[in-house]
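The values are calculated or read from the model by the stated rules, or taken from the named source; none is laboratory data. Please read these numbers as outputs of a predicted model, since none were measured by experiment. Glycine also receives a Cβ, built like all others from the backbone with ideal geometry; neighbour counts cover every protein chain displayed.
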Amino acid sequence: MKLSKTVTPDANSYATELLDRCWLTEITFEIRLKRPPSFTFEPGQRIRFQHHSIERDYSVITTPDDTTLALCIYHVEEGPFSPILAAAAIGTSFTFTGPHGYFTYRPSERSAVFVATGTGIAPFLSIGRSGVTGFTLLHGVKTSSDLYYQPFFRSCAAVYVPCLSERRTETPPTDGFHGRVTRYLEEQFPPGIYDFYLSGQQEMIRDVTLLVDEKFPGSLVYTESFY
Amino acid sequence: MKIYTGSGDRGKTSLFSGERVSKSDLRVEAYGDVDELNSVLGGLVASLPPEELKLTEEIQRIQSDLFRVGAWLAVTPGSSVASDLEEISEKHSKLLEAAIDRMDKGLSNLKDFLLPGGHISAAWAHVARAVCRRAERHVVRLSATSAKDSESEQLRAVVVYLNRLSDYLFVLARHCNRIHNISDRVWEK
Ligand SMILES: Cc1cc2nc3c(=O)[nH]c(=O)nc-3n(C[C@H](O)[C@H](O)[C@H](O)COP(=O)(O)OP(=O)(O)OC[C@H]3O[C@@H](n4cnc5c(N)ncnc54)[C@H](O)[C@@H]3O)c2cc1C
């Protein structure tokens, strides 16, 4: 059952301002925004920009204790909104509502397996930065240059597996995997009952969910679908 | 964002609390009914004349409440997701009771069964009532299988809410006929 947009209790509207932008790769960047003093959220939740008639959601990558809000954004060149964030002058004002969503970490006796594709890593950053450790993280990206947060996740994940989908001559990280996250789960991940947290591309979420039914029955599946 | 996910193609679906269950699961039946009811209420609202703004708002508030009910039905008891949800409480049922009393004042006493129908909005209200009753029956069945007291309590509150809502929808159907100057048709045995 998908409820994320519909049952979030009335989210408030906030004004914010672009403080800073830094490019992580040619197509992915981080932005830092002024944090409205009354805005609170839980790690894993997201904000929704309102720009004329456009609404776009972004997971917060900072923690509730940070004084600013940061987001990690993929630049969809032909998209209507991400190019605006990619080009806006520092100091530009924006409006957002939030917090939205229920994709928060829920401790349990089962091991947590975080699975992200691309910028789907964003909610796990906030969760990890808030002190959650000991999880398994599979990060599906095209090439190792997309593993922007690798050093951080190596410090807090029990198991960190970059999954590189584009076969190139480059050497993969020693504990990396050449192939999609689904194939890693299918071929390498031990059967068992886990709490899966899936974030990013909808196709990955579908494929992993179907795999959970087959190979990891009894596991829980929490999802945050970006596109 | 794509609407179709494909993760339900093999007869399973995910509960809000993360479990993968069969689509024939009682919980899925129950929140499916609530979803259907909500959609029928959408039809009802669409059939109301624009000047019935207050009534429209009242029904839309009920539609929001039904999302909360659906969310409750889609979580397993004791799951951490449950603690994120707003409870369905007596407050919600009391609002329905007040609305029933308000509309009932303008209606004649009822001594016979009515044929569902009349104005299109009244007809929608009767469909909604019947779906609401089905939802209630499914929630009652669900609460009979529920092992935990905390869940039984919340499901009981949902049953009370749905029961009151079907009464509201019956009175609303009559109210809709009244505001459109249409007489209810009595069942002739
Ligand atoms: C719940 C939720 C959380 C999200 N969180 C983030 C986030 O933290 N970071 C982020 O970059 N985006 C996130 N998104 C996506 C974001 O809302 C926008 O869709 C995205 O920035 C593109 O916006 P756009 O208007 O330029 O193009 P859109 O019209 O929104 O998208 C055009 C196309 O671009 C592709 N696309 C969209 N987003 C991505 C992406 N992240 N990576 C690769 N391809 C993409 C899809 O094929 C999509 O059909 C999230 C979306 C949702 C629903």
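What to note about this one:
- Test: residue in region A:44-55 that is outside any loop (DSSP other than H, G, I, E, B), touching a residue at least 24 places away in the same chain (Cβ under 8 Å), more than 12 Å from the ligand (Cβ to nearest atom) and in contact with a Leu (Cβ under 8 Å, 6 or more places away or on another chain): no
- Selection within region A:82-107 - within 13 Å of another protein chain (Cβ to nearest Cβ), out of contact with any Pro (no Cβ under 9 Å at 6 or more places or on another chain) and surrounded by 14 or more Cβ atoms within 10 Å (Cβ to Cβ): A:Pro99, A:His100, A:Tyr102, A:Arg106
- Among the numbered conditions (1) at pLDDT 95 or above; (2) surrounded by fewer than 18 Cβ atoms within 10 Å (Cβ to Cβ); (3) within 21 Å of the chain's Cα centre (by Cα), the only one that A:Thr6 does not meet is (1).
- Of residues in region A:190-215 being in contact with a Leu (Cβ under 8 Å, 6 or more places away or on another chain) and farther than 21 Å from A:Val132 by Cα, the one nearest to the other protein chains (Cβ to nearest Cβ): A:Thr209
- Some residue of region B:15-23 being surrounded by 18 or more Cβ atoms within 10 Å (Cβ to Cβ) and part of a strand (DSSP E or B): yes
- Checking B:Gly11 against (1) surrounded by fewer than 12 Cβ atoms within 10 Å (Cβ to Cβ); (2) at the interface with chain A (Cβ under 10 Å from one of its Cβ atoms); (3) at pLDDT 95 or above, the condition it does not meet: (3)
- Selected residue (only one of A:Ser130, A:Ser225, A:Ser144 is out of contact with any Asp or Glu (no Cβ under 7 Å at 6 or more places or on another chain) and away from chain B (no Cβ under 12 Å)): A:Ser130
- Boolean, A:Ala112 is away from the ligand (no atom under 16 Å from the Cβ), at pLDDT 95 or above and not charged (D, E, K, R): yes
- Against the conditions (1) assigned to a helix (DSSP H, G or I); (2) more than 14 Å from the chain's Cα centre (by Cα), B:Asp65 satisfies every one except (2).
Yes or no, residue by residue, for (1) touching a residue at least 24 places away in the same chain (Cβ under 8 Å); (2) within 14 Å of another protein chain (Cβ to nearest Cβ); (3) away from the ligand (no atom under 16 Å from the Cβ); (4) surrounded by 20 or more Cβ atoms within 10 Å (Cβ to Cβ):
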position	(1), (2), (3), (4)
B:Phe67	yes, yes, yes, no
B:Thr76	yes, yes, yes, no
B:His92	yes, no, yes, yes
B:Gly117	yes, no, yes, no
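- Boolean, A:Thr63 is at pLDDT 95 or above, assigned to a loop (DSSP other than H, G, I, E, B) and more than 13 Å from the ligand (Cβ to nearest atom): yes
- Hey, A:Glu203 within 15 Å of the ligand (Cβ to nearest atom) and more than 20 Å from A:Gly44 (Cα to Cα) or not: yes
- If the condition is being in contact with a strand residue (DSSP E or B) (Cβ under 9 Å, 6 or more places away or on another chain) and surrounded by fewer than 16 Cβ atoms within 10 Å (Cβ to Cβ), then region A:37-59 contributes A:Ser38, A:Thr40, A:Gln50, A:His51, A:Glu55.
- Test result for B:Leu44, assigned to a helix (DSSP H, G or I), touching a helix residue (DSSP H, G or I) at 6+ places or on another chain (Cβ under 7 Å) and aliphatic (A, V, I, L, M): yes
- Residue that is within 13 Å of A:Leu18 (Cα to Cα) and polar (S, T, N, Q), where the choices are A:Thr68, A:Thr40: A:Thr68
- B:Gly106 more than 14 Å from every other protein chain (Cβ to nearest Cβ), in contact with a strand residue (DSSP E or B) (Cβ under 8 Å, 6 or more places away or on another chain) and either assigned to a loop (DSSP other than H, G, I, E, B) or farther than 25 Å from B:Asp184 by Cβ (or both): no
- Filter result (of a type in the set (A, V, I, L, M, F, W, C) and crowded, with 23+ Cβ neighbours inside 10 Å) within region B:119-140: B:Ala122, B:Trp124, B:Ala125, B:Ala128, B:Cys132, B:Ala135, B:Val139
- Under the condition of being more than 18 Å from the chain's Cα centre (by Cα), away from the ligand (no atom under 12 Å from the Cβ) and assigned to a loop (DSSP other than H, G, I, E, B), the residues counted in region A:67-106 number 6.
- Residues in region A:49-67 that are out of contact with any helix residue (DSSP H, G or I) (no Cβ under 9 Å at 6 or more places or on another chain) and under 20 Å from A:Ala87 (Cβ atoms): A:Gln50, A:His52, A:Ser53, A:Glu55, A:Asp57.
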